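What follows is one structure encoded as structure tokens, with my remarks underneath.
No lab work stands behind these numbers, since they all come straight from the coordinates. On a predicted model such as this, the values are computed, not experimentally measured, just so you know. For neighbour counting, all protein chains shown are included, and Cβ atoms are generated from backbone atoms with ideal geometry for every residue, glycine included.
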Amino acid sequence: MPPLNGKIVTVVLFIAVLLGVLYCYISQSYRVVLSFEERFKASDKEARPPQEVVVTLSRHELHLVSQDYLRYKQPSIVQGRTDVVTVTPWLAPVVWEGTFNPGLLDTIYRPKNITVAVTVFAVGKYIMFLKNFLETAEQHFFVGFRVHFYVFTDRPNEVPQIKMAAGRQVTVMSVPSSNRWQEISARRMEIIQTLIEQKLENYCDYIFCLDVDSKFHGRWGTESLGGLVAVIHPGYYRDERSRFPYERRPASRAYVAHGEGDFYYCGGAFGGLLQEVHLLARTCRENFEADAKVGIEAAWQEESHLNRYMWINKPSKVLSPEYLWQDFKSRNSEVQIIRFSGVVKNYADIRPN
Ligand code: 5GW
Ligand code: MN
């Protein structure tokens with residue numbers, strides 16, 4: 001064999017060994033990924049929502065800078081609210097009046113120049129709630145911060161003109177009418193997902209998705225910001241979890257078994273960082289559609305899917321029932337302020353079915 005060929009053979013052999021080592025290395029790490037996915041396949045029968053590891057490193061949530069000129073009441077480490085629980089077992093704060101300093105929080109968030117998006121659906125006769133919703137939002141919701149309201153309606157001509165403060169605006173988005181609310185409801189998560197993908201990325205930082213049949217009575221501001229934010233439902237917060245109206249059929253992707261679940265959260269208000277709410281909307285939509293394929297509609301539609309999601313994906317901040325009360329309910333003593341509340345509605349008047 002001429003010496004040149006010998007060299008070529010050596011080089012080829014060397015490359016082959018190298019490729020072999022590389023292949024072993026890649027397939028090894030691939031196998032780890034596979035087993036991770038297989039774990040979730042195995043739990044499919046329990047109808048768990050698809051899991052995904054999201055790493056959301058937001059500059060807004062990570063570094064909290066105050067100002068040295070600011071003077072405020074000394075925070076106590078031994079005195080505070082004792083009539084309510086202010087932290088979850090996974091150490092997320094539960095926001096109640098008296099647990100936070102609004103001026104301090106606003107000072108921290110002001111230089112971050114954040115924009116908060118709000119989605120609100122006003123389909124059919126629900127358009128009648130919009131004026132009050134928007135007017136009271138101007139008085140109480142993130143006052144002094146940039147807020148962009150996205151109103152989804154089938155009656156764009158009936159959207160009221162509301163005078164907005166600087167940096168705040170309303171965008172009207174058309175959606176088809178429907179005689180069956182469940183159909184619109186089914187598409188709500190999809191619409192939120194699409195809005196985030198097409199309009200909000202690289203523009204808004206946080207998003208809240210709110211019911212239109214409600215109005216603001218008190219401050220709702222920077223204290224509510226967090227990665228994934230859920231609101232405790234006012235109707236069940238003193239109850240045992242066995243009484244929560246979770247979806248109880250194992251065949252549903254919204255299934256929560258007896259003995260499971262933390263709190264009952266409301267579907268009428270949730271939010272957080274854009275990326276977190278995007279994953280929530282996508283997952284709830286996928287589960288909603290998977291249920292529909294086998295003819296299942298969860299007990300409380302998206303609210304059921306939201307509750308399932310929040311049980312597995314723990315909210316990083318929990319808002320007390322101050323953040324969604326109901327006007328027909330008398331105020332309980334631990335609720336020192338009502339910030340946002342569902343108005344009393346005449347179902348026969350407003351609902352198509
Ligand atoms: C909801 C239920 C039955 C029939 C119709 C609707 C309905 C809800 C509707 O026709 N139009 C509409 O825009 N919605 C939106 O869904 C509103 O934003 C509303 O706030 C939200 C949730 O429905 P709600 O408020 O009637 O549900 P609850 O549980 O707060 O009473
Ligand atoms: Mn409502």
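Structure notes:
- Cβ charges +1 (Lys, Arg) and -1 (Asp, Glu), total dipole of the range 175-280, debye: 360 debye
- Cα gyration tensor shape of the range 125-205, rounded if a/c is under 1.5, else prolate or oblate by comparing a/b with b/c: oblate
- Rounded to 5, the percent of DSSP beta bridges in the range 213-353 classed as antiparallel: 55 percent
- Close amide H contacts of Phe270 (hydrogens built in the peptide plane, cut-off under 5 Å, sequence separation of 5 or more or a different chain): Cys209.
- Long-range Cα-Cα pairs in the range 173-238 (distance over 14 Å), rounded percent: 74 percent
- Dipole magnitude of the chain about its Cα centre (Cβ charges: Lys, Arg +1; Asp, Glu -1), debye to nearest 20: 240 debye
- Once divided by 2.2 N^0.38 Å, the Cα radius of gyration of the chain becomes 1.21.
- With Cα atoms, 0 to 90° folded angle of helix 130-140 axis to the chain main axis: 90 degrees
- DSSP-assigned coil residues among chymotrypsin sites (Phe, Trp or Tyr not before Pro) in the range 89-195, each with at most 15 further Cβ atoms within 10 Å: Trp90
- As a proxy for reagent exposure, Cys284, Cys204, Cys266 were ordered by neighbouring Cβ count within 10 angstrom, fewest first; the result is Cys204, Cys266, Cys284.
- Label-point separation in nm, Asn132 to Ile15, each point 7 Å along Cα→Cβ: 7.6 nm
- Dipole of the chain, positive end: most advanced residue of Ile8, Gln275, Gly226 [Cβ charges, Cα centre]: Ile8
- Whole-number percent relative contact order across the range 259-353, with pairs defined as alpha carbons under 8 Å at least 6 apart: 23 percent
- For Val294 and Ala257, the difference between the fully extended length at 0.36 nm per residue and the C-alpha to C-alpha distance is 11.4 nm.
- Computed lengthening from Val159 to Lys7, 0.36 nm per intervening residue step minus Cα-Cα distance: 46.8 nm
- Set of the range 89-117 residues, backbone N closer than 17 Å to the point 7 Å along the Cα-Cβ line of Tyr72: 93-114
- Whether the range 275-331 is rounded, prolate or oblate, judged on the alpha carbon gyration tensor where a/c under 1.5 counts as rounded: oblate
- The range 173-311 - convex hull of alpha carbons, volume per residue in Å³: 129 Å³
- Counted over the chain, the DSSP beta bridges are approximately 30% antiparallel.
- Fewest-first ranking of Glu158, Glu240, Glu223, using other Cβ atoms within 10 Å as the exposure measure: Glu240, Glu158, Glu223
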